[in-house]
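A quick write-up on the structure given underneath.
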Amino acid sequence: MSTLEAGARRLHVITWGCQMNVYDSARMADVLAPLGYAPAPVPEGADMVILNTCHIRDKAAEKLFSELGRLRRLKERRAADGGRMILAVAGCVAQAEGAEILARAPYVDIVLGPQTYHRLPEMVARAARAGGAVIETDFPAEQKFDFLPDASAPQGITAFLTIQEGCDRFCSFCVVPYTRGAEQSRPAMAVIAEARRLVAQGAREITLLGQNVNAWHGEAPDGGVWGLGRLLRELAELPGLLRLRYTTSHPRDMDDELVTAHRDLPMLMPFLHLPVQSGSDHVLAAMNRRHTAADYLRLAEKLRTARPDLALSSDFIVGHPGETEADFQATLDLVREVDFAQAFSFKYSPRPGTPAAGAPSQLPDAAKEQRLAELQALLRGQQARFNAGCVGLTLPVLFTGRGRHPGQVAGRSPFLQPVHVLGAEDLAGREIPVEIAAALPNSLSGTLTEERARA
Ligand code: SAH
Ligand code: SF4
Ligand code: F3S
């Protein structure tokens, strides 16, 4: 392949799904940069379009095919103008339904699963040479991270860093173990080196990512194995880094070392996304979650003892096969008991190939709908109370850039709430105390404390 001047080719990436897909999309752009591909804001006229897909819920395939229909027209227009658009489908739908994608959309050039992104340049070369499609959905023996170039495009003040991929937990409802494969942890030194580079590029907050991030058990510098608590201690020493977070965690993988890290590391933010899914032991067992509601309550208590200002967030599924009204009430009870600062809740969506999808006791949509509405009303109330409880407090805010209105600057509280204040954009990158004056359902506003305003 000829070496091209940087930016000679235009690459447009469309990203659906979780933050790991966001991270992966950036890494695919990194791996294509040496081939001359530079990011393009729109697919019109692009030389390559990557659709990075998600399979977690709902009609993932239908959504994909409707988007592909649109891209097909752009691809045809590009061909009519004498150009060529390479169309690639990546991510979890590609992994789960690769063959079907090529059967239904033969104009797709490349189908690639999440573990093969390091092979993208070679696939592009093959697609450019051959007329036919290239498909890579095996789980390669090598770890993609060992073969991807160092992340190059700066992410800004708040950055994501994937430390772990895949999952061995096999919750009854979830496609992740099938689409992302077995759990793999990156070595500690690779993570620390990437964190250092992110900080050098201006990151002040790093969020460690993984489908089951607290299961991370990476190779230690001395050849042993570290857990996430140990890794966080190490990252907390990086000069210039102000904040650490990690997501998403499984309650069963929350070990004492990690709980202690919440006690000992002030820069580990007091906000934890710890999905519980259900408050019913019967449903938790059917989900293969391997913990009870009481286990979760005990863990929440332990974490709050370690870090008294810790705010908890969660995911819930209503209407898992076999969920009775009493099971659902147990979920509401757990929510009342824990008191969440924020949460996501979903109707159970059968995923092809997962155990729950084949269970006989599927619930009608109307029941799921009604339970979801009731759960969300309760959770919304808790979030509103949590936000209202911040009014009058002085919270450190890490500013990231321009606010919603002119003259405003925006940032995040320790609890991940967006905060807007009157102030100059050049505060971006700094963590400054803000007196919180008002709470909206999803954000806060406030004023810079007096000393700061005078400075
Ligand atoms: N690894 C994380 C979650 C990954 S998926 C964990 O272990 O909790 C993000 C959320 O999507 C899950 O927490 C779950 O609440 C939801 N989810 C996953 N599969 C689902 C399905 N089949 N139907 C509805 N919601 C689902
Ligand atoms: Fe899916 Fe999370 Fe369960 Fe793994 S732990 S199977 S990613 S829900
Ligand atoms: Fe979706 Fe795959 Fe992430 S299914 S949530 S993109 S791991």
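All of the numbers you see were taken from the coordinates with simple rules; none came from a lab. As the structure is a prediction and not an experimental result, all values here were calculated from the model. Neighbour counts run over all protein chains shown; Cβ positions are idealised from the backbone, glycine included.
What percent does the relative contact order of the range 155-269 come to when contacts are Cα pairs within less than 8 Å and at least six residues apart? Write down the numbers at each step before the final one.
Working: 211 pairs, mean separation 31.6, N = 115.
The normalised contact order for the range 155-269 reaches 27 percent.
What ranking do 21-28, 402-409 get when scored by the average of other Cβ atoms within 10 Å per residue, highest first? List each step's numbers first, then the result.
On the way: 21-28: 20.9, 402-409: 14.0.
My ranking of the peptides, most packed first, is 21-28, 402-409.
How do 363-372, 49-58 rank on mean C-beta neighbours within 10 Å, highest first?
49-58, 363-372
Obtain the radius of gyration and the Kirkwood radius of the chain from its C-alpha atoms and give Rg over Rh.
0.97
With charges only on Cβ, +1 for K and R and -1 for D and E, what is the dipole size of the chain about its Cα centre, in debye, rounded to 20?
1000
How high is the FRET efficiency from Lys59 to Thr292, r the C-beta distance, R0 41 Å, rounded to 0.05?
The formula returns an efficiency of 0.80 here.
Can you classify the range 9-136 as rounded, prolate or oblate using the Cα gyration tensor, where a ≥ b ≥ c are the square roots of its eigenvalues, rounded means a/c under 1.5, and otherwise it's prolate if a/b beats b/c and oblate if not?
In terms of gyration-tensor shape, rounded.
Leu272: net charge of surrounding residues, Cβ under 12 Å, Lys/Arg +1, Asp/Glu -1, itself excluded?
+3
As an exercise, use a Förster radius of 22 Å and the Cβ-Cβ distance of Gln370 and Asn442 to find the FRET efficiency, rounded to the nearest 0.05.
So the FRET efficiency works out to roughly 0.35.
Please work out whether the range 56-192 counts as rounded, prolate or oblate from its C-alpha gyration tensor, where a ≥ b ≥ c are the square roots of the eigenvalues and a/c under 1.5 means rounded, while otherwise a/b larger than b/c means prolate and anything else oblate?
Verdict is prolate for the range 56-192.
Roughly how many whole Å is it from the C-alpha centroid of the range 396-455 to that of the range 192-252?
Here the answer is 26 Å between Cα centres.
Order these peptides, 86-92, 138-144, 260-266, by their mean beta-carbon neighbour count within 10 angstrom, highest first.
Going by the mean number of other Cβ atoms within 10 Å, highest first, we get 86-92, 260-266, 138-144.
Cβ under 10 Å from Leu398's Cβ, Leu398 left aside: what net charge do those residues give with Lys, Arg +1 and Asp, Glu -1? Mind showing how you got there, number by number?
Working: positive: Arg204, Arg243, Arg412, Arg430; negative: Glu205, Glu431.
Net charge in that neighbourhood comes out at +2.
Taking the Cα centre of the range 9-136 as origin and charging only Cβ (+1 Lys, Arg; -1 Asp, Glu), how large is the dipole, in debye to the nearest 20?
Roughly 280 debye, rounded to the nearest 20.
Need one number: nm distance between label points at Leu265 and Leu393, each 7 Å from Cα along Cα→Cβ, rounded to one decimal.
Between Leu265 and Leu393, the simple spin-label model gives 2.1 nm.
Looking at Phe328, Val42, Ser185, which one has the Cα that reaches farthest to the positive end of the dipole of the chain (charges on Cβ: Lys, Arg +1; Asp, Glu -1)?
Val42
Which Cys residues of the chain have no other Cys Cβ less than 4.7 Å away and so no disulfide-compatible partner by this rule?
So far as the 4.7 Å Cβ criterion goes, Cys18, Cys54, Cys92, Cys167, Cys390 stand without a partner in the chain.
Just report the Cα centroid separation between the range 59-81 and the range 264-306, whole Å.
Using only Cα atoms, the two centres lie 42 Å from each other.
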